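K.L.:
If you scroll down you'll find the structure; I have some questions about it.
The values are calculated or read from the model by the stated rules, or taken from the named source; none is laboratory data. Fair warning: this is a prediction, and the values are worked out from it, not measured in the lab. Glycine gets a Cβ as well: all are built from the backbone with ideal geometry, and neighbour counts include every protein chain shown.
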Amino acid sequence: MLELNFATTARIVLRDGALDALPEIFGEFGVKHVALITDPGLVKAGLVAPVEKSLKAAGLAVTLYDGVQADPPTRIVLAAVDDLRAAGVDGVLGLGGGSAMDVAKLVAYLLKTPEPLEKIYGVDLAKGARLPLVLAPTTAGTGSEVTPISIVTTETDEKKGVVSRRLLPDVALLDPNLTLGLPAPVTAATGVDAMVHAIEAYTSKRLKNPLSDVLARQALALLSKNLPVVMKDGKDKDARGQMLLGSCLAGMAFANAPVAAVHALAYPLGGHFHVPHGLSNALMLLPVLRFNLAGAAPLYAELSEVVGGEEKSAEGFFKAIERIVGVCDMPKKLHELQIPRDILPKLAEDAMKQTRLLVNNPVEVTEPDALRLYEEAF
């Protein structure tokens, strides 16, 4: 008998100027002092100052924490918690890509439920309360605004995840204006990342369900159609909005039908070399797709027409994805990032630690398999 246990963000707003609603939203939750969590790149790009100004103009106090790094190390999370607790904030806004939103989730939780971070790694171990939380993505990639997942990098360069519905925000604000200035390589990598989420959700060995399937298919349709458009014209606001929606739907899908080997092999690249998460997923996508043909070919065939495949077959799907990735302005191989070949066995060894993800893959992945996949991506 079919079983379904689906959770997502309670309120999602997608529109031109969605961030204008922030003062009203925080007012609804009785927030007086907002923690604005972001990264220095967005501050430099000028995206943060208008948001801070708007909140202050509405009578809210704002404390800015802009120390977020890609693949955020645990020390960043703990430093943010210390700084923002001292400031006395009572609500959290995460503004940025997946890293900023992941840090914001954990900060909102740990400020309300102070417990050791290492005690909540895993699934459903974070059971306490959190502060009111709003997330606003500046990339169309991670879907973190609708996932109960926060990924951090430990002191040993290992990726660890906190997975709990307590991390789902109260509101997700999708504003295409925040993505208009994204450089082409970031647009490309995050866009492919969102496609990875949809594909892995649709082919997940565990917890795949009718709701996640519908969301994954619609996400892939939006992303595959609009990613080539925004690669040609990054100022196309409508296409940027469609990308945000596609990323959001993919996030809903994989939050409930979990991702697999692409992510498992991507994580060591971020942990050891700080390759941005979206790019590391994009680099591993095609090798893993090909590897998974043995177990996922019928599902790939179902997705072929969704992504514009010329024939309804696994091969048609693979060629369509290969074509979309081909027009993306980003590195396509590991060696382009100066990753040394002799580290590949270590990456394969570390990928095997991602049991939470590998168990979802439609084909079993052994350590020799992982090494071959890295060599193919090299």
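K.L.:
Is there a residue being without any contact (Cβ under 8 Å) to a residue 24 or more places away in the chain and touching a helix residue (DSSP H, G or I) at 6+ places or on another chain (Cβ under 6 Å) anywhere in the range 353-369?
P.N.:
Among the residues of the range 353-369, at least one is without any contact (Cβ under 8 Å) to a residue 24 or more places away in the chain and touching a helix residue (DSSP H, G or I) at 6+ places or on another chain (Cβ under 6 Å), which makes the answer yes.
K.L.:
Does the range 204-218 contain at least one residue that is surrounded by fewer than 24 Cβ atoms within 10 Å (Cβ to Cβ), closer than 20 Å to residue 95 by Cα, more than 14 Å from the chain's Cα centre (by Cα) and free of Cβ contacts under 8 Å to residues at least 24 places away in the same chain?
P.N.:
no
K.L.:
Out of the residues in the range 149-172 meeting the condition of being outside any strand (DSSP E or B) and modelled with pLDDT of 95 or more, tell me which one is farthest from residue 258 (Cα to Cα).
P.N.:
170
K.L.:
Criterion first (at positive phi and either crowded, with 21+ Cβ neighbours inside 10 Å or not β-branched (Val, Ile, Thr) (or both)) does residue 122 satisfy it?
P.N.:
Yes.
K.L.:
If we keep just the residues of the range 71-111 that are under 27 Å from residue 187 (Cα atoms) and in a strand (DSSP E or B), which is modelled with the lowest pLDDT?
P.N.:
That would be 73.
K.L.:
Only residues in the range 170-189 that are under 15 Å from residue 227 (Cβ atoms) count as the first member; pair them with residues that are of a type in the set (Gly, Ala, Ser) and part of a helix (DSSP H, G or I), Cβ under 6 angstrom, at least 6 apart or cross-chain, and list the lot.
P.N.:
176/241; 189/278; 189/282
K.L.:
Follow-up. Given the criteria crowded, with 22+ Cβ neighbours inside 10 Å and assigned by TED's automatic domain parsing to the domain that holds residue 332, does residue 188 qualify?
P.N.:
yes
K.L.:
Anything in the range 35-56 that is in contact (Cβ under 8 Å) with a residue 12 or more places away in the chain and either more than 25 Å from residue 241 (Cβ to Cβ) or not assigned by TED's automatic domain parsing to the domain that holds residue 173 (or both)? List them, or say none.
P.N.:
35, 40
K.L.:
Do any helices (runs of 4 or more DSSP H) entirely within the range 16-63 hold 1 or more residues that are among the aliphatic types (A, V, I, L, M) and closer than 21 Å to residue 77 by Cα, and if so, which?
P.N.:
Because the criterion is at least 1 residues that are among the aliphatic types (A, V, I, L, M) and closer than 21 Å to residue 77 by Cα, the helices (runs of 4 or more DSSP H) in the range 16-63 that meet it are 40-44, 48-57.
K.L.:
Within the range 8-21, identify whether any single residue is of a type in the set (S, T, N, Q) and in contact with a helix residue (DSSP H, G or I) (Cβ under 6 Å, 6 or more places away or on another chain), and answer yes or no.
P.N.:
Yes, the range 8-21 contains a residue that is of a type in the set (S, T, N, Q) and in contact with a helix residue (DSSP H, G or I) (Cβ under 6 Å, 6 or more places away or on another chain).
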